[in-house]
Amino acid sequence: MTPRITGFDYHRVTVAPEVALNVAVGGTGRPIVLLHGFPQTHLMWRHVAADLAADHTVIAPDLRGYGDSDKPADGYAKRTMAADIVELAGALGHERFALAGHDRGALVAIRAGLDHPDVVTHLASLDVLPTTDMWAVLCGRSAAIGFHLYLMAQPPGLPEAMISASADEFFGYFLDLWTKDPAAIPAPIRTAYLDACRTAVPSIVADYRASAGVDVEHDQADRAAGNRLRMPVTVLQQDWGSALGFDAAALWRAWAPEVEHQTVSCGHFMAEEAPAVVVGAVRELLRRTG
């Protein structure tokens with residue numbers, strides 16, 4: 001049986017025609033939605049969600065294309081995935097909510113903040129740059145660190161075939177490479193992640209492919225229009241800037257002038273490796289007013 005977040009109720013909520021999301025809901029109070037990253041599911045939030053549920057309604061879905069949520073052939077622009085989350089929260093009775101995202105989920109959260117500023121009250125981003133900036137900082141030999149981004153940006157067919165042929169090795173590689181503390185992802189959770197990804201290769205690739213195309217177009221249009229994140233924003237990030245030669249905080253300030261940018265010492269999967277750090281940052285964010 002797939003692990004669940006202890007004490008949370010599970011639902012399937014329709015958010016678009018023929019698209020329903022699997023979602024865990026727990027706690028009471030001001031709502032916060034938690035969006036997972038790659039190659040994971042909502043389970044990555046299990047520690048953080050349990051803590052925040054003491055005084056918040058916590059909503060942790062599997063994104064479209066991931067986990068036990070539906071996996072349509074298309075619709076992976078972050079604009080579409082962000083609309084899923086707004087619809088999900090509304091269906092659960094929340095017209096406004098705070099939003100925290102990790103990795104792919106953070107890209108969805110950023111897009112939700114830009115597209116729905118009257119809905120998203122606070123935004124936390126864990127270990128990404130906005131899409132257009134991410135592509136800009138990857139250059140030369142340093143771009144090899146993001147080889148998967150280039151692989152999954154290719155036209156449909158070859159990436160899906162290559163990844164499907166060695167799915168556990170492919171997805172497991174990132175779980176191993178990006179984790180400083182392997183004990184943070186115990187065997188049952190790791191198995192759940194691999195099982196979920198193995199059956200979702202086409203939709204995961206489609207998600208990444210969108211970030212090499214339409215997502216960049218949307219970011220660039222926002223930048224040209226001067227659109228910014230107007231709600232309080234907190235960013236937790238590994239020190240990729242010093243490793244790859246860019247100023248991460250400065251890049252973020254261009255999108256969110258009042259951003260609180262923090263560098264962490266744990267690995268990429270910080271909600272599992274350092275949940276207390278993440279919870280502390282989120283709670284501090286929620287105390288801020290726009």
Item to check | First in region 181-198 and free of Cβ contacts under 8 Å to residues at least 24 places away in the same chain, second anywhere and open to solvent by less than 50 Å² (accessible area, probe 1.4 Å) and in a helix (DSSP H, G or I), Cβ under 8 Å, 6 or more apart | outcome: R190/G172; R190/L175
Item to check | Among the residues listed as A248, A256, the single one being at pLDDT below 95 and surrounded by 20 or more Cβ atoms within 10 Å (Cβ to Cβ) | outcome: A248
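Residues in region 200-233 that are among the hydroxyl-bearing types (S, T, Y) and either out of contact with any helix residue (DSSP H, G or I) (no Cβ under 9 Å at 6 or more places or on another chain) or open to solvent by 10 Å² or more (accessible area, probe 1.4 Å) (or both): how many? Outline the logic, then answer.
Residues of region 200-233 among the hydroxyl-bearing types (S, T, Y): 203, 208, 211.
Next cut, either out of contact with any helix residue (DSSP H, G or I) (no Cβ under 9 Å at 6 or more places or on another chain) or open to solvent by 10 Å² or more (accessible area, probe 1.4 Å) (or both) only: 203.
The number of residues fulfilling the criteria is 1.
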Next on the checklist: Checking the structure you have, find out if any residue of region 146-159 is within 26 Å of E273 (Cα to Cα) and in contact (Cβ under 8 Å) with a residue 40 or more places away in the chain.
Outcome noted: yes
Checklist entry - Does region 180-188 contain any residue that is outside any loop (DSSP other than H, G, I, E, B), under 21 Å from L21 (Cβ atoms) and open to solvent by less than 50 Å² (accessible area, probe 1.4 Å)? => result no
Item to check | Residue match in region 23-46 (condition: over 20 Å from G93 (Cα atoms) and open to solvent by 20 Å² or more (accessible area, probe 1.4 Å)) | outcome: yes
Checklist outcome for this item: Reported set for region 1-10 where residues are open to solvent by 20 Å² or more (accessible area, probe 1.4 Å) and either within 12 Å of D84 (Cβ to Cβ) or in contact (Cβ under 8 Å) with a residue 40 or more places away in the chain (or both) is T2, P3, T6, G7, F8
Checklist entry - Any idea which of (1) within 23 Å of V13 (Cβ to Cβ); (2) touching a Phe, Trp or Tyr at 6+ places or on another chain (Cβ under 9 Å) is the one A112 doesn't satisfy? => result (2)
Checklist entry - Which residue pairs have Cβ atoms under 7 Å apart, sit 6 or more places apart or on different chains, and have a first residue in region 203-225 that is without any contact (Cβ under 8 Å) to a residue 60 or more places away in the chain and a second that is open to solvent by less than 50 Å² (accessible area, probe 1.4 Å)? => result V205/M152; V205/P159; V205/E160; V205/I163
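The values are calculated or read from the model by the stated rules, or taken from the named source; none is laboratory data. Bear in mind the structure is a predicted one, so any value in this text is a computation, not a measurement. Quick reminder, even Gly has a Cβ in these numbers, built from the backbone with ideal geometry, and neighbours come from all protein chains shown. Note: accessible area is taken over every heavy atom of the protein model, side chains too, but ligands, DNA and RNA are not part of it. Shrake-Rupley method; radii C 1.70, N 1.55, O 1.52, S 1.80 Å.
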